[in-house]
Amino acid sequence: METLHGHTGELPQDPLSDFSIWGRLIEYRKKVQWDNILEQVKELESKFDRSKTWEKFVNKPVIDQYGQVWMIWKNPDTSSPNPKDRYQIYKMPYDKDEFDYVFIDDLSIVDFVPTSISILRGSIYKFSVGFDNFGDVEILHILTSDKTDINKTSEYCHLYSYEREKWESHRRWMKYDDGFYNSMEELREIYERYGKWQKKQGNNSFNAKKIFGEIYDNYGRIQQKLAEASIINSLTTVA
């Protein structure tokens with residue numbers, strides 16, 4: 001099977017052992033899906049409230065380390081301190097190919113000057129963009145650098161998510177699995193313990209088995225999507 005990197009390979013049996021999955025998803029977004037992403041951005045803009053002035057906060061959609069695509073607009077005319085009035089954020093989740101509206105819970109801004117390259121100046125925007133299944137805040141970091149020239153603005157995107165980092169850590173630990181240790185079983189137990197704690201708090205809606213299974217299945221669906229895109233690309237190339 002020809003991959004997005006242009007070489008032949010077989011899909012790992014366990015999608016969790018596919019350690020290139022996020023890099024290939026990012027590549028898929030950029031090389032296969034990018035035109036569609038830009039079309040979706042235009043469609044979103046066409047539906048904005050024309051009584052407000054919305055302009056792009058990022059020059060183009062940005063992609064985080066999990067292959068999620070983010071697009072952000074700002075309203076330069078508002079004096080409201082509420083980030084929901086000042087910014088609009090849409091996200092294409094790692095397991096979807098369409099944008100969803102994101103509620104902004106909070107925003108903090110840190111200005112910086114890199115010590116190694118003092119001519120670069122910019123800011124880190126920390127958007128609180130919801131909560132993971134453990135109730136921890138997910139924070140979208142947008143690092144902007146104007147390079148002293150507004151026409152050369154660049155953006156860097158990174159998502160902090162406690163739950164995502166747990167999955168990635170346990171995936172890395174899979175190489176140490178043996179008869180006495182299983183990293184995925186340990187991760188599953190974290191969900192089960194949290195579910196029991198939730199029940200003690202009177203919350204019976206947290207279904208540890210279901211949530212764990214859905215996330216596991218998402219890895220498989222993403223892997224399959226990338227494989228199908230690779231097959232299509234190879235057939236197109238041959239034709």
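The values are calculated or read from the model by the stated rules, or taken from the named source; none is laboratory data. Just so it is clear, the model here is predicted, and its values are computed rather than measured. Note that we place each Cβ from the backbone using ideal geometry, even for glycine, and neighbour counts take in every protein chain shown. Accessible surface is based on the protein model in full, side chains and every heavy atom, while ligands, DNA and RNA are left aside. Shrake-Rupley method; radii C 1.70, N 1.55, O 1.52, S 1.80 Å.
Table for the structure above
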quantity	calculated
Count - residues of segment 147-182 that are in a loop (DSSP other than H, G, I, E, B), modelled with pLDDT of 85 or more and of a type in the set (D, E)	2
Selected residue (only one of K42, K91 is open to solvent by less than 50 Å² (accessible area, probe 1.4 Å), of a type in the set (D, E, K, R) and closer than 22 Å to I26 by Cα)	K91
Residues within segment 188-231 that are open to solvent by less than 90 Å² (accessible area, probe 1.4 Å) and not in a helix (DSSP H, G or I), tallied	4
Yes/no for D136 being at pLDDT below 95 and within 24 Å of Y219 (Cβ to Cβ)	no
Filtered residue count, segment 61-74, keeping only those that are open to solvent by 20 Å² or more (accessible area, probe 1.4 Å) and in a loop (DSSP other than H, G, I, E, B)	1
Every pair of residues 6+ apart whose Cβ atoms lie under 8 Å, when the first sits in segment 129-143 and is more than 13 Å from R164 (Cβ to Cβ) while the second is not in a strand (DSSP E or B)	I142/F57; I142/V58
Criterion violated by E43 - all others in (1) closer than 27 Å to I215 by Cα; (2) among the acidic types (D, E); (3) free of Cβ contacts under 8 Å to residues at least 12 places away in the same chain satisfied	(1)
